[in-house]
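All remarks here apply to the structure that follows.
The values are calculated or read from the model by the stated rules, or taken from the named source; none is laboratory data. Keep in mind the model is a prediction, meaning the values are calculated, not measured. Ideal geometry is used to build each Cβ from the backbone, glycine not excepted, and the neighbour counts take in all protein chains shown. Note: accessible area is taken over every heavy atom of the protein model, side chains too, but ligands, DNA and RNA are not part of it. Shrake-Rupley method; radii C 1.70, N 1.55, O 1.52, S 1.80 Å.
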Amino acid sequence: KTVLLAPARIYFDVAKVDLPPDASALLKPIVDFLIANSQAGVDVSGYVDKTGDPIKNAELAKNRAKAVRDMLMSSGVSEAQINMKKPEILTGAGSDMEARRVEVSIASGKGV
């Protein structure tokens, strides 16, 4: 049985790692799926833009991704189900808001 869940995109304020108020609601469908499917997993990817200090940006993206990971775990998801990915640099015509996000998507080949 194939399950299609859209990736959850959590948008952060400029220079902040605090989870936005809607993070729990955005992650709920993925959390529910992962709890019901213990063999499934997710990829957690933080994004940064290409402006500013690249080292600070990568650290910010990593800390945002960790905040999302911690929320997933506090919601009952096993750490083994979470694959943390290296921060990705957003290039091209993406908006600043798109660069300030963490994306959580069902990992391919993980029991879905």
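For the chain, the carbon plus sulfur part of the accessible surface works out to 54%, probe radius 1.4 Å. Basic side chains Lys and Arg get +1 at the Cβ, acidic Asp and Glu get -1 at the Cβ, and with that the dipole of the chain about its Cα centre reaches some 240 debye.
Rg ratio for the stretch 34-80: its Cα radius of gyration over 2.2 N^0.38 Å, N being its residue count, equals 1.41. Normalised by 2.2 N^0.38 Å, where N counts its residues, the alpha-carbon radius of gyration of the chain equals 1.05. When Glu103, Glu59 are compared by accessible surface with a 1.4 Å probe, the order from highest to lowest is Glu59, Glu103.
Each label point was placed 7 Å from the Cα along the Cα-to-Cβ direction; for Ser75 and Asp32 their separation is 1.1 nm. Amide hydrogen proximity for Ile82: with H placed 1.01 Å from N in the peptide plane, the residues at 5 or more positions away or on another chain lying under 5 Å are Val42.
Using the 1.4 Å probe convention, the accessible area of the chain works out to 59 Å² per residue with neighbouring protein chains retained. Direction-averaged projected area, Cα convex hull, the stretch 1-57: 5.3 nm², rounded to one decimal.
In percent, rounded to a whole number, the relative contact order of the chain is 44, using alpha-carbon pairs under 8 Å and six or more apart.
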